[in-house]
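Have a look at the structure below before the remarks.
The values are calculated or read from the model by the stated rules, or taken from the named source; none is laboratory data. Computed from a predicted structure; not experimentally measured. Glycine also receives a Cβ, built like all others from the backbone with ideal geometry; neighbour counts cover every protein chain displayed. Side chains included, ligands, DNA and RNA excluded: accessible areas come from the protein's heavy atoms. Shrake-Rupley method; radii C 1.70, N 1.55, O 1.52, S 1.80 Å.
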Amino acid sequence: MIIVHVHVHVKAECIEAFAKASAENARQSKLEPGIAQFDVLQQEGDPSRFILVEVYRDAEASAAHKATAHYAVWRDAVADMMAEPRSSVKFKLVS
């Protein structure tokens, strides 16, 4: 398992559009066989901050996800919505 937390800071005027685009990307991502979990979290107290929780069964699944049409649509749609570049942290499952 590869767990990725993607941290995203969105421009205030783009919060709703980002949430909608990300929810659709998550919905389609959950249909991929290599994805165990894919969630969009919005921070309480600061709705412009999101974390995407992506859980892949293996490294190949992560690469396959980035090759999907729905990922490309999401990536291009949200590019100008971000207040700063997104960042990610990878984790491994301990228990």
Of the residues in region 12-33, those that are in contact (Cβ under 8 Å) with a residue 24 or more places away in the chain, open to solvent by 40 Å² or more (accessible area, probe 1.4 Å) and farther than 27 Å from Arg57 by Cβ come to Ala12, Ala17
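Can we say Glu13 is over 21 Å from Glu84 (Cα atoms) and not aliphatic (A, V, I, L, M)?
Details: over 21 Å from Glu84 (Cα atoms): no; not aliphatic (A, V, I, L, M): yes.
Taking the combined requirement at face value, the residue does not satisfy it.
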Of those in region 58-81 that are of a type in the set (A, V, I, L, M, F, W, C) and either surrounded by fewer than 12 Cβ atoms within 10 Å (Cβ to Cβ) or more than 14 Å from Lys20 (Cα to Cα) (or both), the residue farthest from the chain's Cα centre (by Cα) is Ala59
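Listed residues His9, His5; which is closer than 15 Å to Lys90 by Cα and either open to solvent by 50 Å² or more (accessible area, probe 1.4 Å) or not in a helix (DSSP H, G or I) (or both)? Step through it out loud before you land on a result.
On the way: His9 fails: closer than 15 Å to Lys90 by Cα.
Testing whether each residue is closer than 15 Å to Lys90 by Cα and either open to solvent by 50 Å² or more (accessible area, probe 1.4 Å) or not in a helix (DSSP H, G or I) (or both) leaves just His5.
Restricting the search to region 48-65, which residues are within 15 Å of Gln28 (Cα to Cα), at pLDDT 95 or above and not β-branched (Val, Ile, Thr)?
The initial filter retains those residues of region 48-65 that are within 15 Å of Gln28 (Cα to Cα), namely 52-56, 61-62, 64-65.
Within this subset, residues satisfying the condition of being at pLDDT 95 or above are 52-56, 61, 64-65.
Matches in region 48-65: Leu52, Glu54, Tyr56, Ala61, Ala64, His65.
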field: Flag if Asp39 is under 18 Å from His5 (Cα atoms), assigned to a strand (DSSP E or B) and open to solvent by less than 60 Å² (accessible area, probe 1.4 Å)
entry: yes
Going through (1) in a helix (DSSP H, G or I); (2) in contact (Cβ under 8 Å) with a residue 40 or more places away in the chain one by one, Ile51 fails only at (1)
Review point. Is it fair to say Pro85 is in contact with a helix residue (DSSP H, G or I) (Cβ under 7 Å, 6 or more places away or on another chain), at pLDDT 95 or above, open to solvent by 30 Å² or more (accessible area, probe 1.4 Å) and assigned to a loop (DSSP other than H, G, I, E, B)?
Key: no
